[in-house]
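Student: The structure's right below; bear with me while I get my questions together.
The values are calculated or read from the model by the stated rules, or taken from the named source; none is laboratory data. Keep in mind the model is a prediction, meaning the values are calculated, not measured. Cβ placement follows ideal geometry from the backbone for every residue including glycine, while neighbour counts extend to all protein chains displayed. These area figures cover heavy atoms from the full protein model, side chains too; ligands, DNA and RNA do not enter into them. Shrake-Rupley method; radii C 1.70, N 1.55, O 1.52, S 1.80 Å.
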Amino acid sequence: MRLALFGPPGVGKGTQAKLLVHRLKLKHISTGDLIRSAIKLNSSVGKEARSYVRAGELVPGPIVRKLAEDAMTECGIDYFILDGYPRTIEQADWTMEFLDGHNASLEAVLSISVSDEVIVSRLSKRRINRETGEIYHLDFNPPPDSVPRDNLVQRKDDRPEAIRQRLKVYRNQTFPLEDYFERQGILHRIDGVGDIEVVYGRLMSVIVSEVKSFGKSRQLQD
Ligand code: AMP
């Protein structure tokens, strides 16, 4: 099963991806997570990417391409869900080319949408547990009391200036990809408004009814 989650920053792709990978036993390939790890490690990729991420800009394509292709290769080019990649037409072309070269294809792109106001609220109140990577929202999905407050951090690019820039980049460079996927007949639009479980239910029902390889899934988790 080869899926991609698509949508603006803050729409809940990371949260939903975590639920889907658990249920469907997929590998979660988030280029954002890979880049943040590289930055933390201060590797050469991290050094090059840092200023772009902080400013809310896209990291140069070839860097992310390599991260995504290495990750897809690691899992045998199957049973994965892409999150935050591809993000430009160029990256989408690379992805199709890469998969084609392995006699594979992307089966479904699940595009989640919510209004800009919801995005800004979700991002500005998003907190991450720096130890576990767990994602919280201060109002709607607050961290339990057992999580030490010192462990909760805000991503540098979740500050207002960077949020505005990320939304601009999304509108100009990423949103046009919806048409691209639609022309290929693999786009499915999902309403991202509602509780996490409700949105998850919408995603699962599209996967069950539209993704042919669903019937051949590995043992599912409850
Ligand atoms: P995300 O966690 O998906 O919101 O990604 C965080 C940041 O990582 C983005 O704002 C970009 O700076 C960078 N990034 C992640 N994925 C990509 C991509 N496919 N192309 C370029 N930059 C990316």
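Student: Those residues that are small (Gly, Ala, Ser) and open to solvent by 40 Å² or more (accessible area, probe 1.4 Å), I need them from segment 180-193; list them, please. If you could, list the steps in order and put the result at the bottom.
Tutor: Kept after step one, since they are small (Gly, Ala, Ser), are these residues of segment 180-193: 185, 192.
Residue satisfying the conditions is Gly185 alone.
Student: Taking segment 76-86 as the region of interest, how many residues are within 13 Å of the ligand (Cβ to nearest atom) and either of a type outside the set (A, V, I, L, M, F, W, C) or open to solvent by 20 Å² or more (accessible area, probe 1.4 Å) (or both)?
Tutor: Of the residues in that region, 4 qualify.
Student: Within segment 1-22, track down each residue that is within 27 Å of Phe140 (Cα to Cα), away from the ligand (no atom under 15 Å from the Cβ) and open to solvent by 10 Å² or more (accessible area, probe 1.4 Å).
Tutor: If the condition is that a residue be within 27 Å of Phe140 (Cα to Cα), away from the ligand (no atom under 15 Å from the Cβ) and open to solvent by 10 Å² or more (accessible area, probe 1.4 Å), then Leu19, Val21, His22 are the ones that fit.
Student: Looking at (1) surrounded by fewer than 13 Cβ atoms within 10 Å (Cβ to Cβ); (2) of a type in the set (A, V, I, L, M, F, W, C); (3) closer than 18 Å to Thr15 by Cβ, which one does Ile112 not meet, given that it meets all the others?
Tutor: Among (1) surrounded by fewer than 13 Cβ atoms within 10 Å (Cβ to Cβ); (2) of a type in the set (A, V, I, L, M, F, W, C); (3) closer than 18 Å to Thr15 by Cβ, Ile112 violates only (1).
Student: Hey, any hits in segment 159-179 for a residue that's more than 26 Å from Ser51 (Cα to Cα) and open to solvent by 40 Å² or more (accessible area, probe 1.4 Å)?
Tutor: Yes, some residue in segment 159-179 is more than 26 Å from Ser51 (Cα to Cα) and open to solvent by 40 Å² or more (accessible area, probe 1.4 Å).
Student: Can you tell me which residue among Asp179, Asp145 is out of contact with any helix residue (DSSP H, G or I) (no Cβ under 9 Å at 6 or more places or on another chain) and under 26 Å from Gln91 (Cα atoms)? Can you show your working first?
Tutor: On the way: Asp145 fails: under 26 Å from Gln91 (Cα atoms).
Unique residue meeting the criteria: Asp179.
Student: Mind checking which residues of segment 145-158 are away from the ligand (no atom under 15 Å from the Cβ) and either β-branched (Val, Ile, Thr) or open to solvent by less than 50 Å² (accessible area, probe 1.4 Å) (or both)?
Tutor: Passing the criteria: Val147, Asn151, Leu152.
Student: Also, quick follow-up: Of these, Asp100, Asp191, Asp150, which one is at pLDDT 90 or above and within 30 Å of Asp70 (Cβ to Cβ)? Even if it seems obvious, please write down each step before you answer.
Tutor: Numbers: Asp191 fails: within 30 Å of Asp70 (Cβ to Cβ); Asp150 fails: within 30 Å of Asp70 (Cβ to Cβ).
When all the criteria are applied, what remains is Asp100.
Student: Please verify whether Ile190 is in contact with a helix residue (DSSP H, G or I) (Cβ under 8 Å, 6 or more places away or on another chain), under 30 Å from Ser51 (Cα atoms) and touching a residue at least 60 places away in the same chain (Cβ under 8 Å), treating the condition exactly as stated.
Tutor: On the way: in contact with a helix residue (DSSP H, G or I) (Cβ under 8 Å, 6 or more places away or on another chain): yes; under 30 Å from Ser51 (Cα atoms): no; touching a residue at least 60 places away in the same chain (Cβ under 8 Å): yes.
Against the criterion (in contact with a helix residue (DSSP H, G or I) (Cβ under 8 Å, 6 or more places away or on another chain), under 30 Å from Ser51 (Cα atoms) and touching a residue at least 60 places away in the same chain (Cβ under 8 Å)), Ile190 does not qualify.
Student: Which pairs have Cβ atoms under 6 Å, sit 6 or more apart or on different chains, and link a residue in segment 50-79 that is under 25 Å from Ser124 (Cα atoms) to one that is within 8 Å of the ligand (Cβ to nearest atom) and open to solvent by 80 Å² or more (accessible area, probe 1.4 Å)?
Tutor: Val59/Tyr52
Student: May I ask you to list the residues in segment 188-197 that are part of a helix (DSSP H, G or I) and out of contact with any strand residue (DSSP E or B) (no Cβ under 9 Å at 6 or more places or on another chain)? Spell out the reasoning first.
Tutor: Of the residues in segment 188-197, the ones part of a helix (DSSP H, G or I) are 196-197.
Once the filter is applied, which keeps residues that are part of a helix (DSSP H, G or I) and out of contact with any strand residue (DSSP E or B) (no Cβ under 9 Å at 6 or more places or on another chain), segment 188-197 yields only Glu197.
Student: In segment 23-75, how many are open to solvent by less than 30 Å² (accessible area, probe 1.4 Å) and of a type outside the set (Val, Ile, Thr)?
Tutor: Matching residues across segment 23-75 total 12.
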